[in-house]
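Below: one structure, written as structure tokens.
Bear in mind these aren't lab numbers, they're just calculated from the coordinates by the rules spelled out. The model shown is predicted, which means the values in this text are computed figures rather than measured ones. Every residue, glycine as well, gets a Cβ built from its backbone with ideal geometry; the counts of neighbours run over all protein chains shown.
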């Protein structure tokens, strides 16, 4: 595309509902969901920091690691449970978004069907294993 | 999508796609870096102490903040332009704004990281 050419885009109603369209929407929605989780976690940690007079480093630690030892809410059952559910949802959204992104990159850089298939299987297996470990660790910690 | 590539790496690097191509490549590099970060995050959640040490390293913070912040801001631009298709005509202006926001945020964050690393 030259510097003067107009970028083009295809309206959603002309794209049709197929796997590519669904994954295109999925990638955008998971990105927005991540922003929502980050903002929600950050606001929650800010509320805690008001009571604890803590610094930004603690706020970020609590926002993303609710099971951290320094978190004053560890032991407060309903808030801890909510935080755990939020982090589990965050991890699932991130891994879904990330796996799809990595698969797109792999599809672009590996040309043979054999390589694509095995990298695809490997990444998906890896994501499943990591998600199971993450859910177990977050929920039982 | 074709299954063969007739473009060498050097040719690809010399491609004059300018700002949109640069953001496209950096988004992919950033995404790949964040996938590594995701693995480290899971290990940190699991309580692997050495990973916490890695997260605390200022060099690690500077490098991954660069990729993570760029990926997040660029992703927001992509999402906004995709959801509001009339704005796609202003893609280059959006990229300029994106770079301005990114550089401001990154410069401040990098300054804080280096200041803390130096014990300030």
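Structure data summary
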| item | result |
| --- | --- |
| Ranked packing of B:71-77, B:102-108, A:83-89, most packed first, by mean Cβ within 10 Å | B:71-77, A:83-89, B:102-108 |
| For residues of B:99-110, the mean tally of beta carbons on other chains within 10 Å | 0 |
| Normalised contact order of chain B, rounded percent, pairs of Cα under 8 Å and 6 or more residues apart | 29 percent |
| Neighbouring partner chain Cβ atoms per residue of A:98-109, average, 10 Å criterion | 3 |
| Value at 222 nm in deg cm²/dmol, rounded to 500, when DSSP H runs of n ≥ 4 in chain B each add -39,500 (n - 2.57) | -26500 deg cm²/dmol |
| Inter-site label distance for residue B:87 and residue B:103 at 7 Å from Cα along Cβ, in nm | 2.1 nm |
| Relative packing of B:22-29, A:97-104, which averages over residues the other C-beta atoms within 10 Å, highest first | A:97-104, B:22-29 |
| Between 0 and 90°, nearest 10: helix B:91-117 axis offset from chain B longest Cα axis | 10 degrees |
| Test item: B:37-46 mean partner chain Cβ contacts at 10 Å | 6 |
| Angle between chain B longest axis and helix B:18-45 axis [Cα atoms, degrees, rounded to 10] | 30 degrees |
